[in-house]
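S.K.: The structure that follows is given in the form of structure tokens.
The values are calculated or read from the model by the stated rules, or taken from the named source; none is laboratory data. A quick note: this is a predicted structure, and the numbers were derived from the prediction, not measured. Here the Cβ is made from the backbone with ideal geometry for all residues, glycine too, and neighbour counts use every protein chain on show.
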Amino acid sequence: MAIFKRFLQRYPGESAVLIFALLLSGVANSIGLSALLPVLNLAFENEVPESGVERVAIDALQAVGLSPDLGLLLFIILGAIVLKNAMVLFAEARIGYIAADVATGLRLRLLQGILRSRWTYFAGQSPGKLANAMSTEAYRASLAYVMGVRVLALTIESLIYGAFAFAVSWQAMVFAVLASIFILILSRSLVRMGRDGGVLQTQWYRQLLASLTDTLQSVKSFKAMGREHLADNVLSEETSALRGALRREALATASLESAQEPMYALVIAGGIYFAFALFDVQMATATFLILVLANLLKQVGKVQKQYQRMAIYESAYWALDETISDAESKAEVLEGEKPPHFEREITLEGVSFSYGEHDILKETSITIPAGELTCLVGESGSGKTTVTDLVIGLVRPTAGAVRVDGTDLREIDLAAWRHQIGYVPQETLLLHDTVRRNVTLGEEGISDSAVEKALRAAGAWPFVSALAEGLDTIVGERGTRISGGQRQRIMIARALLGSPRLLILDEATSALDPESDRAIADTLCALRGELTLLVVSHHSSLSSAADRVYRVERGAVSLGSRTPS
């Protein structure tokens, strides 16, 4: 029942509105029930008893000056039905709206938690796992909320039914309670089966989406080598296991659905037998009790079915909540408050850094003069990217200090510092969208003239302006509709859009041909003086054009010479 408590704590206002609306529908239904028994008495006995629920209903009508004839009583029943269904319509619509809000809120919490987490934590997350959490788990979690609210509402309505049954005949109510307990116990194992299936679904959806994301990124390699069947092998275990979990859920829900009706019929048949054969109950009262008993058992059945559905989906909520809490607990701590001033140089003074027990940099000292092009060269894994991460502030040195114009980066407002940085990664991270959106990333208020200026600075405007749709041209998935050099220029334009003071390129030209590499090197050289450039590169074009070259080898950094072009 912990999920009920969590939902009420997280969404108290929304839950209160829904429960109130559904409670009103139960009250309206009760008013209809209170008029039903007098109608039955008038129909079967042509008289109203001197005591009981029907007498109370008749007295209430007479107290407000209404004559309790058959027409009025039928009108009250019809009005109660209309009112009940109006309240149900309102509640169901609100449930749909709030379910969407719950899913959206969970997705935003996850997104904010991940984006605000430490870089070392974020880098260790599976993109497939996060995609699954944002889509499948958030949706299933919102369904768990919907089912939870319905369980509460149906429970309230069942209690109202029970109260009327008790007022008419406490013996019938005791019989109904015992019958309900009997039905719930018999079908409890089916609820557990559904919950187990839901837990397995959550587990295998995560693994399937993680594997699928990795596999789709390698489709070109699979197809190029005629090995598409290997992708099937990679995903077959997760797909088969997920199918088994879905079948388990389907069996549990179908079994509960099919088992309840025979049990209801058995209980109602027993009630009819006892009412007429043993207790000689009047026809009108017996008919009323049978109707109430049937509705009460139906309500109990609905409660259990909704509870089973909630049990199926709740594992997704707990899994997503755990992911969000984990990300929030790894939030990046931004302690510095000093505004960044970068006019002279960035320095790494005796910096060491390690991942766990693995040393990446050892007592490294580097100077990056403002307005110049500084190049880091070295083998893969030597620590070049770690240097850029330290400069950005994504990671902190385990020893030594990173300083900007003499101020320790730990004392500087990192958010303000990063706003002065343009970054171009090795991977071509273009959206399947227009050139404009790839440069602006959807940020509002940026004019086309500002986009054009950034594209010109990156040397991309000549080819962009020649495209059939210009800035509105779709570049394709990961930019596959344009060349590698063109993709990199758009990435550089994106980095230049915010007029940064420092531009960092991390192996941004490693996948380009020599001609494209030289062209981008020329573009970067033209930017020298306007801003500071820190470049990680294997290619000679950039290192030969650099003002200063550092060679990074096995965690040690030495000042090298420029490589001739």
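S.K.: Which helices (runs of 4 or more DSSP H) sit wholly inside region 148-228 and have at least 3 residues that are modelled with pLDDT of 75 or more, farther than 28 Å from Lys129 by Cβ and not basic (Lys, Arg)?
M.R.: 170-186, 188-216
S.K.: With the structure loaded, tell me whether Leu455 is in the same structural domain as Val424 (by TED's automatic domain parsing), in contact with a Phe, Trp or Tyr (Cβ under 7 Å, 6 or more places away or on another chain) and farther than 27 Å from Gly393 by Cβ or whether it fails that test.
M.R.: Considered against the rule, which asks whether it is in the same structural domain as Val424 (by TED's automatic domain parsing), in contact with a Phe, Trp or Tyr (Cβ under 7 Å, 6 or more places away or on another chain) and farther than 27 Å from Gly393 by Cβ, Leu455 comes out as yes.
S.K.: If you don't mind, another one. Spot the failing condition for Ala316; the list is (1) within 30 Å of Arg150 (Cα to Cα); (2) of a type in the set (A, V, I, L, M, F, W, C); (3) assigned to a loop (DSSP other than H, G, I, E, B), and only one is missed.
M.R.: (3)
S.K.: Quick check: anything in region 347-370 assigned to a loop (DSSP other than H, G, I, E, B) and at positive phi?
M.R.: yes
S.K.: Scanning region 332-377 for residues that are surrounded by fewer than 19 Cβ atoms within 10 Å (Cβ to Cβ) and of a type in the set (A, V, I, L, M), which turns out farthest from Asp389 (Cα to Cα)?
M.R.: Here the answer is Ala370.
S.K.: Return yes or no: is Asp389 surrounded by fewer than 23 Cβ atoms within 10 Å (Cβ to Cβ) and closer than 30 Å to Leu251 by Cβ?
M.R.: no
Each row is one residue, and each column tells you yes or no for (1) closer than 30 Å to Glu337 by Cα; (2) among the polar types (S, T, N, Q).
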site	(1), (2)
Gly422	yes, no
Val435	no, no
Ser449	no, yes
Gly459	no, no
Ala466	no, no
Gln488	no, yes
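S.K.: Here's something else I'd like to know. List, please: which pairs have Cβ atoms under 9 Å, are six or more places apart or on different chains, and start with a residue in region 378-393 that is not assigned by TED's automatic domain parsing to the domain that holds Leu502 and small (Gly, Ala, Ser) and end with one that is modelled with pLDDT under 90 and part of a helix (DSSP H, G or I)?
M.R.: Pairs that qualify, where the first residue is not assigned by TED's automatic domain parsing to the domain that holds Leu502 and small (Gly, Ala, Ser) and the partner is modelled with pLDDT under 90 and part of a helix (DSSP H, G or I): there are none.
S.K.: Which residue pairs have Cβ atoms closer than 7 Å, lie 6 or more positions apart in sequence or on different chains, and pair a first residue in region 144-158 that is within 18 Å of Ala93 (Cβ to Cβ) with a second residue that is among the basic types (Lys, Arg)?
M.R.: Pairs that qualify, where the first residue is within 18 Å of Ala93 (Cβ to Cβ) and the partner is among the basic types (Lys, Arg), are Met147/Arg309; Leu154/Lys302.
S.K.: Determine, yes or no, whether Gly350 is over 15 Å from Thr532 (Cβ atoms) and free of Cβ contacts under 8 Å to residues at least 12 places away in the same chain.
M.R.: Against the criterion (over 15 Å from Thr532 (Cβ atoms) and free of Cβ contacts under 8 Å to residues at least 12 places away in the same chain), Gly350 does not qualify.
S.K.: Related question: Collect the residues in region 372-412 that are assigned to a helix (DSSP H, G or I) and either in contact with a Lys or Arg (Cβ under 9 Å, 6 or more places away or on another chain) or not aliphatic (A, V, I, L, M) (or both), keeping them in residue-number order.
M.R.: Scanning region 372-412 gives Lys384, Thr385, Thr386, Thr388, Asp389, Leu390, Ile392, Leu409, Arg410, Glu411.
Rundown of residues vs (1) assigned to a helix (DSSP H, G or I); (2) surrounded by 15 or more Cβ atoms within 10 Å (Cβ to Cβ); (3) touching a residue at least 60 places away in the same chain (Cβ under 8 Å); (4) touching a strand residue (DSSP E or B) at 6+ places or on another chain (Cβ under 7 Å), yes/no style:
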position	(1), (2), (3), (4)
Ala93	yes, no, no, no
Ala99	yes, yes, no, no
Thr104	yes, no, no, no
Arg109	yes, yes, yes, no
Asn132	yes, yes, yes, no
Ala141	yes, yes, yes, no
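S.K.: Kindly provide the set of residues from region 418-446 that are within 28 Å of the chain's Cα centre (by Cα), among the aliphatic types (A, V, I, L, M) and part of a loop (DSSP other than H, G, I, E, B), ordered by number.
M.R.: Leu429, Leu430, Leu431, Leu441
S.K.: Identify the single condition in (1) crowded, with 21+ Cβ neighbours inside 10 Å; (2) farther than 16 Å from Lys302 by Cβ that Ala179 does not satisfy, given that it satisfies every other one.
M.R.: Failing condition for Ala179: (2).
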